Amino acid sequence: MRDGREQREPVGERTIGDLDEVLDNLGVFRCFPDDLIATCPSGFRRVPITQGGGYYLSLQGFGPSQPAFAHTHPDSEEWVVVLKGSGRALLAETPVELSPGVVVGRGAAHPHGFLSGEQGLHLLTIQLPRPKEGATTWDDPGETTSPVACAFGGSCRRCWRCGGHSKRMATGSFMCENCTLEF
């Protein structure tokens, strides 16, 4: 027993920094995506909720008119629930309009990307199973942005491979929070 509460076993594999770690400590957790997703003009952000070998749940936040460049998970299907904002899911030649409440499913091996609308976009994403490390292909990389002063410290820029937020490291290079590319 911990703080008068019965201690429970974790639901699955845990990694440091996932929101499920907060849930383990509090027992109940409530928030709005805006409280967790610090959108930045340089690139989209991802906040892991929980993950294991068979699943990966996360929140994704896009500022206005931000892309997630086309990519493919050959070993994982993905479900996306629009929490806030608008945009388009870019599914091969068939874009799907996104608005709050819309649910989009994508089978394994289907190329996809996203483009947020003028008000940004918040998504809940569920991948089944969790994509294997190194299996994702980057089908249509885009361009990076010039470094900007990041509202969250240091400087940042958009990842040219996936479109994710990339922070300047002590070495002077940038590391993408989403795909871990160092450039």
Handout entry: Of residues in the stretch 138-176 being acidic (Asp, Glu) and outside any loop (DSSP other than H, G, I, E, B), the one most open to solvent (accessible area, probe 1.4 Å)
Key = 140
Completion exercise
Scanning the stretch 53-90 for residues that are charged (D, E, K, R), open to solvent by less than 50 Å² (accessible area, probe 1.4 Å) and either closer than 17 Å to residue 39 by Cβ or under 15 Å from the mean Cα position of the chain (by Cα) (or both) gives 78
Problem - Sole exception among (1) open to solvent by 60 Å² or more (accessible area, probe 1.4 Å); (2) within 26 Å of residue 82 (Cβ to Cβ); (3) outside any loop (DSSP other than H, G, I, E, B) for residue 127, by number - result: (1)
Exercise for the section: Report yes if residue 45 is in a loop (DSSP other than H, G, I, E, B) and over 20 Å from residue 137 (Cβ atoms), otherwise no. Expected result: no
Handout entry: Pairs, first at positive phi in the stretch 155-174, second among the aromatic types (Phe, Trp, Tyr) and not in a loop (DSSP other than H, G, I, E, B), C-beta under 7 Å, six or more apart
Key = 163/44; 163/69
Practice task
Answer yes if at least one residue in the stretch 153-165 is within 16 Å of the chain's Cα centre (by Cα) and among the small types (Gly, Ala, Ser), and no otherwise.
Solution key: yes
Completion exercise
Cβ pairs under 9 Å, 6+ apart or interchain, first in the stretch 92-112 and under 17 Å from residue 69 (Cβ atoms) and among the hydroxyl-bearing types (Ser, Thr, Tyr), second outside any loop (DSSP other than H, G, I, E, B) and modelled with pLDDT of 90 or more, ordered by first then second residue, are none
Handout entry: Residue within the stretch 93-115 that is open to solvent by 50 Å² or more (accessible area, probe 1.4 Å), out of contact with any strand residue (DSSP E or B) (no Cβ under 8 Å at 6 or more places or on another chain) and not β-branched (Val, Ile, Thr) present
Key = yes
Exercise for the section: Determine which single condition residue 75 fails, assuming it passes every other condition in (1) in contact with a helix residue (DSSP H, G or I) (Cβ under 9 Å, 6 or more places away or on another chain); (2) more than 22 Å from residue 156 (Cβ to Cβ); (3) at pLDDT 85 or above. Expected result: (1)
Fill in the blank from the handout: residue 135 vs (1) part of a loop (DSSP other than H, G, I, E, B); (2) at pLDDT 90 or above; (3) under 18 Å from the mean Cα position of the chain (by Cα); (4) of a type in the set (Gly, Ala, Ser): all pass except (2)
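The values are calculated or read from the model by the stated rules, or taken from the named source; none is laboratory data. Source: prediction; values computed, not measured. Every residue, glycine as well, gets a Cβ built from its backbone with ideal geometry; the counts of neighbours run over all protein chains shown. These area figures cover heavy atoms from the full protein model, side chains too; ligands, DNA and RNA do not enter into them. Shrake-Rupley method; radii C 1.70, N 1.55, O 1.52, S 1.80 Å.
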